[in-house]
Amino acid sequence: MTPSEAISKLEAYCAYQERCEQEVRNKLAKLTVPMELHAEVFKYLREQGFLDDARFAKTYAGSKLRLKKWGKMKIVQGLKIKGIKELHISNALKALDWDDYYNTIRALLEQKGRLLKDPEGYQRQHKLVTYVVGKGFEPNLVWEVLKEEVQ
């Protein structure tokens with residue numbers, strides 16, 4: 001495959017949705033592009049704005065919070081798996097809207113609370129917190145939101 005053919009395919013791949021460098025690297029391998037051409041392809045994609053890990057991290061964090069209801073801990077884990085640098089991860093987390101984050105915790109607690117058959121008490125609270133923490137939210141923040149809702 002020639003560099004121009006690879007670039008054409010990768011432009012379409014990156015235009016479809018935000019991609020990180022690791023995803024593009026994997027796609028290059030599937031397209032059987034020789035290793036010596038990878039640097040040239042990456043340079044072109046970055047210069048043309050098709051590839052930007054900082055932008056990817058912000059988009060990823062925002063969409064995982066809104067769509068999958070993930071907390072910061074799970075978002076960080078997902079970004080690390082994708083090979084995103086700590087600086088980009090930190091900036092992406094700072095860009096999250098605090099009100100959306102807080103309201104997501106509240107909504108998850110309410111949603112799970114409706115499903116639980118346990119009566120009021122510590123066991124019920126523990127199940128609620130365990131569920132929301134499992135979604136990647138910080139335990140101390142979840143307890144704080146739960147206490148505000150109970151009072």
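Each value in this text was obtained by applying a stated rule to the coordinates, not by laboratory testing. As the structure is a computational prediction, the values presented were derived from the model and not from experiment. Positions of Cβ are backbone-derived with ideal geometry, glycine not excepted, and every protein chain shown enters the neighbour counts.
The Cα atoms of region 3-47 cover 26, 21, 17 Å along the three principal axes, with the biggest extent listed first.
For the chain, what's the relative contact order in percent, using C-alpha pairs closer than 8 Å and at least 6 residues apart?
Numbers: 123 pairs, mean separation 34.2, N = 151.
Rounded, it is 23 percent for the chain.
Computed over region 98-150, the range of Cα coordinates on each principal axis works out to 31, 20, 18 Å, biggest value leading.
Sort the following peptides by mean Cβ neighbour count (other Cβ atoms within 10 Å, averaged over residues), highest first: 128-135, 30-37. Please list the in-between numbers first.
Values: 128-135: 18.2, 30-37: 11.4.
Put in order of decreasing packing, that is 128-135, 30-37.
So for Phe137, Phe42, fewest C-beta neighbours within 10 Å to most, what's the order? Working shown, then result.
Details: Phe137 24, Phe42 17.
So the ranking, lowest neighbour count to highest, is Phe42, Phe137.
Once you reduce region 1-16 and region 28-81 to the center of their Cα atoms, the two points are 15 Å from each other. Across region 53-95, Cα-Cα pairs more than 14 Å apart make up 32 percent of the total.
Taking one quarter of the surface of the convex hull spanned by the alpha-carbon atoms of region 31-104 gives a direction-averaged projected area of 6.0 nm². Rounded to two decimals, the Cα radius of gyration of the chain over 2.2 N^0.38 Å is 1.37.
Charge dipole (Cα centre; +1 on Lys/Arg Cβ, -1 on Asp/Glu Cβ; no other charges) of the chain amounts to roughly 500 debye. Axis of helix 53-63 versus longest Cα principal axis of the chain: the two differ by about 30°, to the nearest ten degrees.
Calculated FRET efficiency, Ser4 to Asp97, Cβ-Cβ distance, R0 = 41 Å: about 0.50 to the nearest 0.05.
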